[in-house]
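Notes to accompany the following structure.
The values are calculated or read from the model by the stated rules, or taken from the named source; none is laboratory data. What you see is a predicted model; the values in this text were computed from it and never measured. Every residue, glycine as well, gets a Cβ built from its backbone with ideal geometry; the counts of neighbours run over all protein chains shown. Keep in mind that these areas ignore ligands, DNA and RNA; they rest on the heavy atoms of the full protein, side chains included. Shrake-Rupley method; radii C 1.70, N 1.55, O 1.52, S 1.80 Å.
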Amino acid sequence: MDRISSRVTIAEIAEQAGVSVPTVSKVLNGRSDVAEATRLRVQQVMADRGYQRRKPGTLRRVGLVDMVLPTLDSPWIVEVLRGAEAEARKAGAQVVLTSAEDGPAGDRQWLDRLASRRSDGLVLVVSEAAPEAVEQLAALHTPIVLLDPVGGSDPSFATVGATNWAGGLSAVEHLVSLGHRRIGVISGRPQLVCSQERIEGYRAALGRAGIPVDDDLVHFGDFRPRGGRLCAQQMLDLPDPPTAIFAGSDMQAVGVYQEASVRGLRIPEDLSVVGFDDIAFCEHMTPQLTTVRQPLARMASEAVRLVLAAEDTAGATGAPPPRVELATHLVLRESTGPAPD
């Protein structure tokens, strides 16, 4: 029976009981929001099949790390994948990719696939996980690490992030040192922790310089060129437009470049621009983009390392999930210059 039960999965239990995988997870977790008849049916199937709930650290690795990404068409994803795959390769593992397309991770089909096979853990590079996904992953005792370029900071997850606040501070302090006083900022979606932290770094730099924050110069975009361009349009249409813009991502900086070009503004003579990320094409932009470098590849590598380390140490300690924050730093190139007279 032990040999057979070790192959029984939650997905198989759900199929035989005629319920969803999240419902089986609720039964396993003792949730009250399951009809009693359904609970008894699921429990009976588990007994009949000899299902044994996985205990932390009891199963050997299968060499698969799942990574859920918001999209596959962003250049910074290339850096993330490079770091993740390099770390997985060192451990003799492979990375399995899923694109959530900016929605909550964990749709029903993906949940069922993950439950029907084994995974050594999950790296989430998305803004949020669907509640049923969290429930099922908890039932599977699957290690989860949240990579912070897009994600939040749920205390139940291990996280790997960058010093977003310090990065925003350094970007704006650089612009202030060049004489700029009208400095705009374009961050990502306001719901995201990294977006807010970059804005707070911007505010802190202005505060240290004694420059009041003008709310007309504070914008939230989508970390993509279109969002950067739309926000730049609004700021550059102001009666007193900014002489510099800190874009919270290099992709948004591309949008700022596009809008400046349409208006005949020269970078940096008429408008200085700073990005965030330091993705590969920054050096190929004209002019080359000054930006805040966050170590995307190293962040992804650390996330995969934590997933695999969790497999080795699960259940061995009651310590809270680890939180890793890697340093950012400003990379000076050609897109910033003295404020125009």
Ranked highest first by average number of other Cβ atoms within 10 Å, how do 248-259, 291-302, 85-96 line up?
248-259, 291-302, 85-96
Can you list, largest first and rounded to whole Å, the semi-axes you get for the range 172-322 by taking the square root of 5 times each eigenvalue of its Cα gyration tensor?
34, 18, 13
Given a 1.4 angstrom probe, I'd like the percentage of the accessible area of the range 177-274 that is carbon and sulfur, rounded to a whole number.
49
Mean shadow of the range 238-341, computed from the convex hull of its alpha carbons, in nm²?
9.0
Could you let me know the centre-to-centre spacing of the range 183-244 and the range 247-316, using Cα atoms, in angstrom?
16
Skip the ligands, DNA and RNA, and give the accessible area per residue of the range 166-247 with a 1.4 Å probe, whole Å².
41
Rounded accessible area per residue of the range 251-310, 1.4 Å, Å²
35
